[in-house]
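Notes follow once the structure below has been shown.
The values are calculated or read from the model by the stated rules, or taken from the named source; none is laboratory data. All of these numbers come straight from a predicted model, not from anything done at the bench. All Cβ positions, even for glycine, are placed from backbone atoms using ideal geometry, and neighbour counts span all protein chains on display. The area values use the complete protein model at the heavy-atom level, side chains included, leaving out ligands, DNA and RNA. Shrake-Rupley method; radii C 1.70, N 1.55, O 1.52, S 1.80 Å.
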Amino acid sequence: MKIAARNNGVHDDWSTPDDLGLPEKFGSFRGVQSYALKMIEQSKEKVLLIQAPTGTGKSLIGAGAARVLGMPAVYVSTTIDLQDQFVRDFPGAAQIMGRDNYPTLNYANAYPEVTCSDCDKTNGECTFCSDAHQCPYERAKGVALEAEFSVLNTAYFLNEVNHVGRFSDTSYDKDGRLVLKPTHQMGPRLVVLDEADTLERALMNFIEITVPKGVRERLQIPFPRWKNPSAEHKMEDWGAWLAVTMPKVKREVEEMQKRLGGVPALLQGREPNPLYMRQRKSLKSLMNLLTHLHWMERDLAKSPESWVRTDNDGESLHFKPIYVAPYAEDLLWRHATKFVVMSATIISADHFARDLGLGPEDVAMIDLPSGFSVKRRPIYQVPAANVTHKNKDTAYPRLVQMLDDIADQHPSDNILAHTVSYDIAGYVSKHLRRNKSRVITYANSQERAKALELFKQSTGKILVAPSMDRGVDLPDDLCRVVVILKVPYPYLGDRQISARFHDGARGRAWYTVETIRAICQMTGRGMRHEKDWCITYILDRQFQSIFERSSYLFPGWWKDALVKGVVRDLSGVSRIE
């Protein structure tokens, strides 16, 4: 779809969504949306950060940005609901997902056991799609590439632009030089990155290395040895480990490629051969591992302490870089001409830029206010206990008592209780007294979705949740009360987080920003539109110290809702109507 545009591809006269050719159902822009689009239109920086709380209408800002800039856009988010909503709202949008989500042309009846991820296309021919041009995945990708708005998952976007390159504005030539690549008839793209608070984590997930127990044992990959076993601060000998491991993986890749050539892709009954498919998946996994080992080798050559080993089970091996900033330009920022990066919790443009490898000259930030009345989203400090692992024996009972008191005040309301850890969740669920029958909880990540769905279908329940700070939408009666039992500090038992935290002032600043970001995300789960209402209670005394120390980092829209002073008598807190 060609964008109607003037003035070098930019709309120069607009005041409504209709002026930009956007759907009539949006009527008019809100003031914050119009302001954001004006700033996008005028900005010269490559990356424009937009801190926009829930209810701002970020998807309309993202679609409008493409129109005022006269560029086709790639809309990227982590949550499937946001992707689906974008496709529903904008007729010019087309969604593309990973190959696993598409049946093959020849074996559609075998889906999902056989998917387009099993593709073995060479020279335009594929065992599973007799006409490679009609491959369901390739057709969906072709539609998305030609669409005005391509809608992608964050992990898929990173994989696509770095391994295939079809959604990237750039590539490397045979001499390793970066070149602009005209991948689309309309020229370079705008990339709209929603849920930007998860972006660093997505990059980390893309880079990190896992060597499963089965692969380690089959290839006889050793555990790293200590370089200085007697020193106070021991370091593992990465160089020696890579020198042994990389040749083993490379040799196995080469041998598997040879073996695979002797395995028929189809059985005599013309059905996919399970052995062939398993070996192809194993080969792809090993090739991906080899690529990541090369990244690790390159990084360690520059700085021997830039990666950490994070596994604790003594069986698999798991490695992460301490920072993703050295990778961000190559893996993300080079792939588009312009980025609009949106989240309710950017928190700090300076920290965001530094953590994601951007210079101050590359970034500008717009901080938008909330359109929700503060009277409908109050946040109360109710310091029940100083919650640390050391004093859990006294702190946990106090948390339970206060949660019971809060639940008494809201006997018919759904309550989301953020616990941060499974340890606290288990204790609270077991020891809650007067409201124990209202509890819904879960003991592991596999049970999370089921517990959330049960909560949504219930009335007057308490969801005791270790991991519901992001990606959860609970409007209206689905959630009227949010309780934060513990300040959500990043877990220092994670070696990567610990190494980063102990990296001087930079590490401590990152730790604070991540904590504040999580607090703000937690409080936003139940307040989803301007007529909604949700009361938040923060029970951990440590919130007071982090707020006094770093109040300037909290977004203005969040601080506006924080009720001044400490609440000790809950009778003064009433249900909002």
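Quick notes
- Spin-label model distance (nm) - K302 vs Q457, 7 Å beyond Cα toward Cβ: 5.1 nm
- In terms of accessible area, using a 1.4 Å probe and ignoring ligands and nucleic acids, Y511, Y552 rank largest first as Y552, Y511.
- The slack in the chain from A505 to N109, taken as 0.36 nm per residue of separation less the alpha-carbon distance, amounts to 136.9 nm.
- Of the DSSP H helices in the chain, those whose Cα atoms cover at least 20 Å axially and whose Kyte score averages -1.0 or more: 238-260, 274-302, 392-409, 504-523
- Here's how it looks for Q95: its modeled amide H is under 5 Å from those of V151, which are all 5 or more places away or on a different chain.
- Computed [θ] at 222 nm, helices only, for the chain once each DSSP H run of length n ≥ 4 contributes -39500 (n - 2.57): -11000 deg cm²/dmol
- Simple spin-label estimate for V566 and K375 in nanometres, 7 Å along Cα-Cβ: 2.9 nm
- Highest mean first, the peptides 500-510, 71-81, 138-148, 218-228 sorted by other C-beta atoms within 10 Å per residue fall in the order 71-81, 138-148, 500-510, 218-228.
- Fully extended contour minus Cα-Cα distance, from N386 to E24, at 0.36 nm per residue: 125.1 nm
- Nitroxide proxy distance, nm - points 7 Å out along Cα→Cβ at R139 and Y35: 4.7 nm
- Ligands, DNA and RNA are left out, and with a 1.4 angstrom probe the accessible area of the chain is 46 Å² per residue.
- Averaging the Cα positions of each part gives two centres, and for segment 512-577 and segment 136-150 these lie 42 Å apart.
- Looking at the chain alone, DSSP beta bridges between its own residues are antiparallel in about 20 percent of cases.
- Distance violations [Cα-Cα > 31 Å] among K213/K302; K46/K141; K46/K248; K430/K456; K320/K559: K46/K248; K320/K559
- Carbon + sulfur, % of accessible area of the chain - ligands and nucleic acids excluded, 1.4 Å: 50 percent
- D362-K284 FRET efficiency (beta carbon distance; Förster radius 30 Å; 0.05 resolution): 0.30
- Segments 538-551, 471-484 sorted - mean Cβ within 10 Å per residue, highest first: 471-484, 538-551
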